[in-house]
Structures are given as C-alpha cells and as structure tokens.
1. Test each condition in (1) at pLDDT 90 or above; (2) surrounded by 17 or more Cβ atoms within 10 Å (Cβ to Cβ) for residue A:87 and report the one that comes out false.
2. Is one or more of the residues making up segment A:24-31 in a loop (DSSP other than H, G, I, E, B) and either open to solvent by less than 40 Å² (accessible area, probe 1.4 Å) or closer than 21 Å to residue B:269 by Cα (or both)?
3. Within segment B:167-198, count every residue that is touching a residue at least 12 places away in the same chain (Cβ under 8 Å) and acidic (Asp, Glu).
4. Looking at (1) assigned to a helix (DSSP H, G or I); (2) at pLDDT below 95; (3) open to solvent by 10 Å² or more (accessible area, probe 1.4 Å), which one does residue B:162 not meet, given that it meets all the others?
5. Scan segment B:1-29 residue by residue and report those that are surrounded by 23 or more Cβ atoms within 10 Å (Cβ to Cβ) and within 14 Å of chain A (Cβ to nearest Cβ).
6. Based on this model, can you work out whether residue B:64 counts as in contact with a strand residue (DSSP E or B) (Cβ under 9 Å, 6 or more places away or on another chain) and either open to solvent by 30 Å² or more (accessible area, probe 1.4 Å) or at pLDDT 90 or above (or both)?
7. Search segment B:165-214 for residues being assigned to a loop (DSSP other than H, G, I, E, B) and farther than 30 Å from residue B:234 by Cβ, and hand back the single one that is least open to solvent (accessible area, probe 1.4 Å).
Amino acid sequence: MDPYKVLGISPNASDDEVKKAYRELARKYHPDNYVNNPLADLAQEKMKEINEAYDMITKQRSSGSSAGRSQGTYSSSYTQNTGSPAFARVRQLIMSGNLDAAEQELSSSSDHGAEWHFLMGSIYLRRGWYDEARRYFQNACSMDPNNMEYRMALQNMNNTTAYYNQNRGVTNGAGFCDVCSSLLVADCCCECMGGDLIPCC
Amino acid sequence: MFGYVRPYKPEMKVRDFESFRAMYCGLCHTLKLRYGVGSRMLLSYDMCFLAILMAGVTGCGIKTCQKRCAAALFQKRACVREDLALDFAADCSVILTYWKLCDSVQDEHGMRVLGAKWGAWFLRRKYRKASDRLPDFAKAVEQGIHRLDALERENVPSLDRAADAFASIMREAAAGLPEEKIRRPVEQILYHIGRWVYITDAWDDLEDDLKSGSYNAIVARFAVTTADGLAEAKEAVRLTLLQSAQTAAAASELLDLGRSDPVVKNILYMGLPAMAESVMEGTTKQRSSRHGSI
C-alpha cells in the first residue's frame, strides 16, 4: 500500500498538507455520515485505510518516534441498548442488517407501544424509507416524550449531516469568515466614530 | 424518462461541464447507432447520469471525437465515442421508456393514451432488441412496473412504499456489476436517485392529479384534497428528498469514479437539491424544455 496514494497527495507534500488531507478524508468517512446507512461497513474500511496510511507517513517522517494520531478517536459508539428485553432480538436483527426478519418479528408482536414504533422506524430508516421512519419516530415520541433515544432519532431525521450541507454550499449559522468580517465591520464603525477596535488595521 | 437528474451548472468547472455534455452527446449518438434516428427522442438527463456513473465505475468513456449535433446542425460538438457505459445506458433508456409507455396506456386518459399507444408501438421492435441485450434488466423492469401499478391501483397511502417500487427498478441497473464493493454503493445511489425522481415527479404532477383524480403518492400519503392543504406536506417532502440525495452522495464517496467524479458529485450534492427546490417552487414548468440541452 502506498500511503500517499491513499491520502491523495504527493510524497513531497509538507507535514501540514499531509495533516490537512488526512483531516479532510477523515471528515468524509466519519461514522456520523454513515449512521443507519447499510454501507457503514465500507466507510469503516476506508477509515481504517486512511488511519493506517496516516500512521505510516507520520512514522516514516519522524523515523520511528511517536505517532501523531491519537488512537481510537474515530471508533464508533453507536451501540445503545436501552430497550425492553422483549425486543432485544429485534434490535439484534436490525443491527445485523437482517431487516426482513426484524420486521416479521415485530409485526407478530401484540405490544404496539412506543418502543415498537421506534423499532419499526429504525427498520424503515435502514431501508431508506425516510418518510415512514419519521412518522414512526414521531409516534414513538408522542407516546413516550421523555425517552432520549426516541427523541434523538427523530431529531436526526429533521437534519441532514453537516458534511452534506457544507458540500452543497449551505452553512449552518455563523461560519469562521462571518466572525472575521463582522469584526472588520465593527472596526470600521469604530474608526468612523474616532475610536479603534483592531489597532493594526 | 423524466429529466430531473441534472448538474447545477453555476457551480461547475467549464471542463466538467464539457465532459458532461460530451457524455450527453455521446448517449444521443449511441441511441441513434443502436436503435435508429427516432430513438434520439429517448435521450434524457437521467439516463445520461446513469452513463456517467457507469463510465466512472468501469473506467470507460474517455475517448472523445467531434460530431455534428442533430439539434444544431451547423455545430460540431465533442462527443464520447461508443463505449460500454453508453451502450448500457442506451439499452436501459429503451427498456424503461417502453414500459413507462405501456403503463401510461392503462393509467392515462384521453389523448395521452393515444400518444402512449403510438409510442409503445413505435418502440416494440427496439424493445425486443434491447431486451435481448439485457434480458435480466428487462424482466426486472417489467415486474417492477407491474408491482408499482398494483400499488397505485390500491391507492397505497405510503409515499415510501410507492417510491420503493420505482426505486427498486432503478437499483436493478447495477445488478450486473461483478464486484460487491462497487455494486453495493452503486445500488444505493441508483435506489435513492429512483426514490428521489419518483417523489419529485409526484410533486410536479400534484396539481394535474388533483384535478383529474388519478393516483398521486403525495396526495395519498398526506390526504390532501386541494392545493392549499400542502404546507405541511411541503416541508416533509423537501426533507425526505434531501435525505435521499444525501444518502446517494454518501454512497458515491465510497466509489472511485475517476474522471466522472466531479460531475457525479456536482449532481448529487448540488444538482438534486437545486432541482427539487425549483420543482417545489413551481419554476420548472416555466422553463422552455425539460429535456433539451442546458
């Protein structure tokens, strides 16, 4: 494996360039972008590849001294299991990606409580049936408004990921540039009034 | 097909736009070569996207040549030469259009039935040729269209269930890819493009369907009866479309798309949201052509 090829940079790249390329790729394949996505395993593989490449380069460059990347930063922590034991098997089936079996098991259950709706929503979410998923999560939340798991699931449905938004040119709230430009404007205003906010300009 | 899946030109580099157009012209010429002059009418942006995606995944679609454009006779345009991805997209165009027309013969009213009947008759021999070339895909499309038709007849109130029938048809186009690591992301892209197209089209047809009373997935899901009752539905539809686009985009990041990469990313990240916005705000219909060049 050529680590530079994995990171998409030339072997002459500076340390900063290496770090920048690594960060960019790590953001792209971050588990957050693949939550409830059937392709999460492929993204994880990519992530592993990138981590290995980055470690290799840093090791080569510092000729064997300590590696720069803190270990385990991007390991996923999405295994929650807070539900009732009656639905434990369904949860397991959903986690393993066996959605048809999970759906069958659920529809044969007579308990149509909040968790039932939540799990139904989770199955549809994995399938990419986003409208149905949202409907079921809404039901679960209105049946049990205090459950954090259900509320988080519904909240995630109401947003697209930051990575997608950034790539389509939509930023949420004030970006870095906004802060700078507001400071400059404030400085200009101050200068007009005889004062100065930023002495150097 | 529909013509909704197209790039967002203002954010495109000139060379990316040119490679997109060369693929579009290439598909037009391939349709003519394989199915005769008349089949150029089947040219659509959606199938051009399929060609670009497949060219990226399989690494073809590189050689270009200059050819005269059928729509602007005095201009010569760069045009991708015959290759596998274009042949595939051309065959798919014929198969999908044929079954869509057969479906319209049963569902539509008045003059449109006549048009669809004539179209299906015109395509019957070309369809036979295409289905010999892609027998599995032709069979999958036939079954999928029947499934969709059955769901529409029983007036299914689930937007996702109806969209799934159509999206599954699109997903079948990736079934022939041998390598699993490539096939799965491509299947996900095509599934969500199909879902997105179905729902966008449903929104586009909303007013007509409300008037004529034919099945519309959005009307059935939100139980709307007049065009005024759409405010709540609009937000939900906008969100669900964005989520499909996002899922398709996330899948595309897992593929090595070579030269097609910038065009595919532009379409998935910016083209789809821009088109959805313009359909939902009702500005698409004012544009002169839905299928012609940008």
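The values are calculated or read from the model by the stated rules, or taken from the named source; none is laboratory data. Keep in mind it's a predicted model, so treat the numbers as computed, not measured. Positions of Cβ are generated from backbone atoms using ideal geometry, with glycine treated the same way; all protein chains shown enter the neighbour counts. Side chains are part of the model used for accessible areas, which takes the heavy atoms of the whole protein and leaves out ligands, DNA and RNA. Shrake-Rupley method; radii C 1.70, N 1.55, O 1.52, S 1.80 Å.
1. (1)
2. So the first thing to find is which residues in segment A:24-31 are in a loop (DSSP other than H, G, I, E, B), and the list is A:29-30.
Then drop every residue that is not either open to solvent by less than 40 Å² (accessible area, probe 1.4 Å) or closer than 21 Å to residue B:269 by Cα (or both), which leaves A:29-30.
Yes.
3. 2
4. (3)
5. Listed by number, the list holds a single entry, B:7.
6. Details: in contact with a strand residue (DSSP E or B) (Cβ under 9 Å, 6 or more places away or on another chain): yes; either open to solvent by 30 Å² or more (accessible area, probe 1.4 Å) or at pLDDT 90 or above (or both): yes.
So residue B:64 fits the description; yes.
7. First, pick out the residues of segment B:165-214 that are assigned to a loop (DSSP other than H, G, I, E, B): B:175-179, B:205, B:213-214.
Those left that are additionally farther than 30 Å from residue B:234 by Cβ: B:175-179.
Values: B:175: 56, B:176: 72, B:177: 21, B:178: 122, B:179: 107 Å².
Looking at residues that are assigned to a loop (DSSP other than H, G, I, E, B) and farther than 30 Å from residue B:234 by Cβ, I get B:177.
Residue-by-condition table, conditions (1) of a type in the set (S, T, N, Q); (2) touching a Gly at 6+ places or on another chain (Cβ under 6 Å); (3) within 14 Å of chain A (Cβ to nearest Cβ):
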position	(1), (2), (3)
B:161	no, no, yes
B:170	no, yes, yes
B:183	no, no, yes
B:186	no, no, yes
B:193	no, no, yes
B:196	no, no, yes
B:200	yes, no, yes
B:235	no, no, yes
B:238	no, no, yes
